[in-house]
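Down below is the structure, laid out as structure tokens.
The values are calculated or read from the model by the stated rules, or taken from the named source; none is laboratory data. Bear in mind that the values here come from a model prediction, so they are computed numbers and not experimental data. Neighbour counts run over all protein chains shown; Cβ positions are idealised from the backbone, glycine included. Each accessible area value is taken on the protein alone, full model and side chains, heavy atoms only, with ligands, DNA and RNA left out. Shrake-Rupley method; radii C 1.70, N 1.55, O 1.52, S 1.80 Å.
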Amino acid sequence: MNMQDFSLEGKIAWITGASYGIGFAIAEAYAAAGATIVFNDRGREQLERGLENYKKAGIKAYGYICDVTDEEAVQNTVKKIEEEVGVIDILVNNAGIIKRIPMTEMSAAEFRQVVDVDLNAPFICAKAVIPAMIKKGHGKIINICSMMSELGRETVSAYAAAKGGLKMLTRNICSEYGAYNIQCNGIGPGYIATPQTAPLREIQPDGSRHPFDQFIIAKTPAARWGEPADLQGPAVFLASDASNFVNGHILYVDGGILAYIGKQPG
Ligand code: NAP
Ligand code: GCO
């Protein structure tokens with residue numbers, strides 16, 4: 001066992017939608033492990049915000065304007081990355097959205113929008129990088145799944161359908177491209193404190209914690225929300241040579257939620 005196997009020196013990592021949140025934390029860890037960081041966001045203003053965040057963190061990141069649901073834009077962006085930075089060794093399909101709407105009140109357009117970003121886009125981005133990974137003789141694809149890859153709950157039908165599909169897309173990329181030394185795995189974060197979950201943690205008018213916040217604390221053996229930093233070690237592992245025989249696996253980083261029936265009330 002050589003600890004150098006955990007290094008990302010010389011590797012180019014594209015983390016989609018990584019201006020902040022989980023993607024940004026993963027990018028920070030990859031930079032610390034030696035990788036060159038590439039990220040994208042949907043518009044100039046968001047991209048500038050992301051570049052400022054990387055600058056503040058002391059990371060030279062390459063940023064591109066690209067909506068990951070737009071296949072032509074993704075194909076063109078990958079070509080530009082290959083010309084300006086180099087062939088992508090590591091793809092993290094991080095960009096994602098959620099809409100919390102009761103299913104019977106959700107429009108088909110809203111359902112499609114969530115599936116477009118959370119499932120179709122990871123397909124589009126993986127399809128764009130795999131050919132060069134095959135030529136290079138190796139590649140790592142990491143899909144950011146979810147507790148909702150395994151569990152459902154009220155109001156997140158589109159998100160759960162997409163993240164469940166993303167688990168199976170992960171397994172299928174493993175099956176179809178493992179022979180080319182491409183490993184495709186997932187990370188399934190538990191409940192992580194980011195802008196995406198901020199509505200679930202809002203302090204109530206009476207100063208109490210949000211009911212969902214209290215629910216998650218009771219459902220998590222670690223009795224806390226995760227932080228983006230909790231995902232950094234697992235993400236480096238799955239991007240490194242240390243995981244070259246790990247393929248098609250969803251690594252849940254959830255503080256134990258999936259193993260736990262929940263704390264007895266009272
Ligand atoms: P977040 O704070 O909402 O950040 C999502 C990122 O994705 C933003 O940078 C956003 O950019 C970008 N994005 C959204 N749609 C995009 C598009 N069409 N093209 C390009 N970029 C796009 O989310 P997060 O909490 O960091 O979550 C990141 C990933 O982890 C998501 O896939 C999420 O489903 C997953 N996840 C989160 C949790 C959690 O508890 N937070 C748990 C499990 C899984 P803009 O700023 O331009 O919108
Ligand atoms: C929700 C939350 C979750 C988290 C995450 C859990 O509304 O239930 O947003 O979906 O984002 O996906 O793993």
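Using alpha-carbon pairs under 8 Å, 6+ residues apart, how would you state the relative contact order of the range 85-243 in percent?
So the answer I get is 23 percent.
Using a Cα-Cα cut-off of under 18 Å, which lysines could be cross-linked to Lys219, ignoring same-chain neighbours fewer than 8 residues away?
Hits, sequence-local ones excluded: Lys263.
At 1.4 Å probe size, with every protein chain present, just tell me what the per residue accessible area of the range 57-173 comes to in Å².
44
Compare Trp225, Trp14 by solvent-accessible area with a 1.4 Å probe and give them largest first, with all protein chains kept in place.
From most exposed to least exposed: Trp225, Trp14.
Considering Cα pairs under 8 angstrom that are at least six residues apart, work out the relative contact order of the chain and quote it in whole percent.
Taking the mean separation of contacting Cα pairs over the length of the chain, I get 19 percent.
Just in the range 2-83: which trypsin sites (Lys or Arg not before Pro) are loop by DSSP and have at most 12 other Cβ atoms within 10 Å?
For trypsin sites (Lys or Arg not before Pro) across the range 2-83 that sit outside H, G, I, E and B with at most 12 neighbouring Cβ atoms in 10 Å, the list reads Lys60.
For the range 1-93, calculate the relative contact order in percent as a whole number, restricting contacts to Cα pairs under 8 Å that are 6 or more residues apart.
Across the range 1-93, relative contact order equals 32 percent.
Per-residue HN-Hα couplings for the range 62-78, Karplus 6.51 cos²θ - 1.76 cosθ + 1.60 at θ = phi - 60°, whole Hz, x for Gly and Pro?
9, x, 9, 7, 6, 8, 5, 8, 9, 4, 5, 5, 5, 4, 5, 5, 4
Explain nothing, just the number: dipole magnitude of the chain about its Cα centre with +1 on each Lys and Arg Cβ and -1 on each Asp and Glu Cβ, in debye rounded to the nearest 20.
The dipole magnitude comes to about 300 debye.
Per DSSP helix of 4 or more residues, -39500 (n - 2.57); summed, then divided by the residues of the chain. What does that give at 222 nm, rounded to the nearest 500? Write out the running numbers ahead of the final one.
On the way: 8 runs with 101 residues, N = 266.
Helix-only estimate at 222 nm: -12000 deg cm²/dmol.
Can you work out the Karplus-derived ³J(HN,Hα) for every residue in the range 36-49? Use 6.51 cos²θ - 1.76 cosθ + 1.60 with θ = phi - 60°, whole Hz, and x for glycine or proline.
Computed from phi, the couplings for the range 36-49 are 8, 9, 10, 9, 9, 8, 7, x, 4, 5, 5, 5, 4, 4 Hz.
Ignoring solvent entirely, what values of log10 I(q)/I(0) come out of the Debye formula for the range 19-95 at 0.16, 0.18, 0.23 Å⁻¹ when each Cα is a single scatterer?
Result of the Debye calculation: -0.54, -0.70, -1.17.
How would Tyr180, Tyr62, Tyr159 rank on accessible area, largest to smallest, probe 1.4 Å?
Putting Tyr180, Tyr62, Tyr159 in descending order of accessible area: Tyr180, Tyr62, Tyr159.
Please report how far the C-alpha centroid of the range 20-39 lies from that of the range 209-266, rounded to the nearest whole angstrom.
The two parts, judged by their Cα centres, are 19 Å apart.
Along each of the three principal axes of the Cα atoms of the chain, give the extent in whole Å, ordering the values from largest to smallest.
Extents along the principal axes: 57, 44, 39 Å.
Whenever you get a sec, line up Ile141, Ile134 from highest to lowest accessible area (probe 1.4 Å, protein heavy atoms).
The ranking, largest first, comes out as Ile134, Ile141.
If the limit is 25 Å between Cα atoms, which of Lys80/Lys136; Lys80/Lys140; Lys79/Lys136; Lys80/Lys167; Lys55/Lys80; Lys79/Lys99 go over it?
As for pairs spanning more than 25 Å Cα to Cα, those are Lys80/Lys167; Lys79/Lys99.
Give me the percent of accessible area attributable to carbon and sulfur for the chain, probe 1.4 angstrom.
Here it works out to 53 percent.
Along Cα→Cβ, 7 Å out, is where each label goes; now give me the distance between the ones at Ala108 and Gln214 in nm to one decimal.
That separation, rounded to one decimal, is 4.1 nm.
Applying the Karplus parametrisation 6.51 cos²θ - 1.76 cosθ + 1.60 with θ = phi - 60° to the phi angles of the range 220-236, what ³J(HN,Hα) value in whole Hz is obtained for each residue in order, glycine and proline being reported as x?
Computed from phi, the couplings for the range 220-236 are 10, x, 6, 6, 7, 6, x, 10, x, 4, 5, 8, 5, x, x, 5, 5 Hz.
Which value, in Å² rounded to 10, gives the accessible area of Phe215 with a 1.4 Å probe and all protein chains present?
That residue has around 100 Å² of solvent-accessible surface.
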